[in-house]
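> This is the structure, below, for whatever I ask next.
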Amino acid sequence: MAHERNKNDVKYVGDSRVKVRKEKLYPKPYSEYPGKTEPFFPNFLLKEWMAAVVFLGAFMVLVVSHPAPLEATPADPNDTSYIPLPDWYFLFLYQFLKYFPSGTAVWGAVIIPGFFALLFLLAPWLDRKPDRRPSKRPIATSLMLIVVAGIVFLTYEAVVQHKAQVEAMEASAAQHAQQAAPAPAPQDQGTTATFDPEAAYMQSCSACHGQDLAGTAAAPSLIALNLTVDEVVDIITNGRSGSQGVMPPGMFSGTEEQKKQLAEWVLSHQ
Ligand code: HEC
């Protein structure tokens, strides 16, 4: 009779109250393929290193035979209109930094990017789900999408803002040139009388060097200088930075002749 069968033989089939325990179908871990895997160290790494050496060698040959095209002029510390821009792969960090008011830059430069880098490094320990499909890993996938979207957005913003900055700079330079243009006219007529070095000094120099040339906290005294006229003209044109601070270039934007007169006037104070 049926109920005399061995208990272990009994099988219940299709009982909807019993949850069928379905095996989840994951791809097998790679360790399940003996003979078809290799140890990371040294086998795999050695191959990587060999490829890296070949690549680096080729790269060095390329670098030596085709030197990097640097920006047109050699670096000029006096060029205040130069707006530096990092390479494209750092643009997002550069832009990110702009959102931090001065004094809190360490957050934008070190702490927040460092936190994300750390998360990235710890990901294999933090996220141990065996699923490999992106749709099965919503947290990891959405985090990555947010970060990638953020990087794309910041890079875009950096480029747009840089363009606007350069254009504004060029516009103001053009305006400057227009304002400065009428200045040489009096020189043609040989009228040195129209230029008053004292007035020019009061306007362009006295804020730092003092109305009596005796110096202020911002700049040293200009009395009894041991300089030639040409040297002073050079300082007026190119500025100077030394132990007593920084004098920016172009504080006085007159002609060479006017600079000379201004220099002579300064040097006349003994
Ligand atoms: C923004 C402030 C500032 C203005 C404006 C300025 N200077 Fe200066 N100047 C300085 C500083 C700071 C120094 C010192 C630099 C150093 O340590 O070498 C200096 C140095 C000099 C020196 C060299 C002094 C020395 O002891 O060798 C001369 C000359 C001079 N300035 C002339 C001028 C003249 C002329 C003007 C106006 C066209 C002018 N400066 C406008 C800040 C200024």
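The values are calculated or read from the model by the stated rules, or taken from the named source; none is laboratory data. Treat the numbers as computed from the prediction; the structure is a model and nothing was measured. FYI the Cβ positions are ideal-geometry reconstructions off the backbone, even for glycines, and counts take in every protein chain you see.
> Checking Ala58 against (1) modelled with pLDDT of 95 or more; (2) touching a Phe, Trp or Tyr at 6+ places or on another chain (Cβ under 9 Å), which single condition isn't satisfied?
(2)
> Somewhere in segment 233-250, is a residue more than 6 Å from the ligand (Cβ to nearest atom), more than 37 Å from the chain's Cα centre (by Cα) and at pLDDT 90 or above?
Within segment 233-250 (the criterion being more than 6 Å from the ligand (Cβ to nearest atom), more than 37 Å from the chain's Cα centre (by Cα) and at pLDDT 90 or above), the answer is no, since none of the residues qualifies.
> Also: Take the residues of segment 219-230 that are near the ligand (Cβ under 8 Å from one of its atoms) and touching a residue at least 24 places away in the same chain (Cβ under 8 Å): which is surrounded by the most Cβ atoms within 10 Å (Cβ to Cβ)?
Only one residue tops the list, namely Leu222.
> List the residue pairs whose Cβ atoms are under 9 Å apart, where the first residue sits in segment 130-142 and is at pLDDT 85 or above, the second is charged (D, E, K, R), and the two are 6 or more positions apart or on different chains.
Taking only residues 6 or more apart or on different chains, the pairs are Lys136/Lys129; Arg137/Asp127; Arg137/Lys129; Arg137/Asp131; Ile139/Asp127; Ala140/Asp127; Ala140/Lys129.
> Same structure, new question: So Leu122 fits all but one of (1) surrounded by 12 or more Cβ atoms within 10 Å (Cβ to Cβ); (2) over 24 Å from the mean Cα position of the chain (by Cα); what number is the exception?
Here Leu122 clears every test but (1).
> Of all the residues that make up segment 142-183, how many are surrounded by 11 or more Cβ atoms within 10 Å (Cβ to Cβ) and over 20 Å from Tyr94 (Cβ atoms)?
The qualifying residues number 10.
> Can we say Lys22 is modelled with pLDDT under 80, among the basic types (Lys, Arg) and under 30 Å from Lys129 (Cβ atoms)? Talk me through it step by step, then tell me what you get.
Values: modelled with pLDDT under 80: yes; among the basic types (Lys, Arg): yes; under 30 Å from Lys129 (Cβ atoms): yes.
Considered against the rule, which asks whether it is modelled with pLDDT under 80, among the basic types (Lys, Arg) and under 30 Å from Lys129 (Cβ atoms), Lys22 comes out as yes.
> Filter segment 251-270 for residues that are near the ligand (Cβ under 9 Å from one of its atoms) and part of a helix (DSSP H, G or I); which is surrounded by the fewest Cβ atoms within 10 Å (Cβ to Cβ)?
Trp265
> From the list Leu46, Leu93, which residue is of a type in the set (A, V, I, L, M, F, W, C), more than 18 Å from the chain's Cα centre (by Cα) and modelled with pLDDT of 90 or more?
Details: Leu93 fails: more than 18 Å from the chain's Cα centre (by Cα).
Answer to the selection: Leu46.
> Hey, any hits in segment 202-211 for a residue that's in contact with an Asp or Glu (Cβ under 9 Å, 6 or more places away or on another chain), more than 24 Å from Asp76 (Cβ to Cβ), at pLDDT below 90 and near the ligand (Cβ under 9 Å from one of its atoms)?
yes
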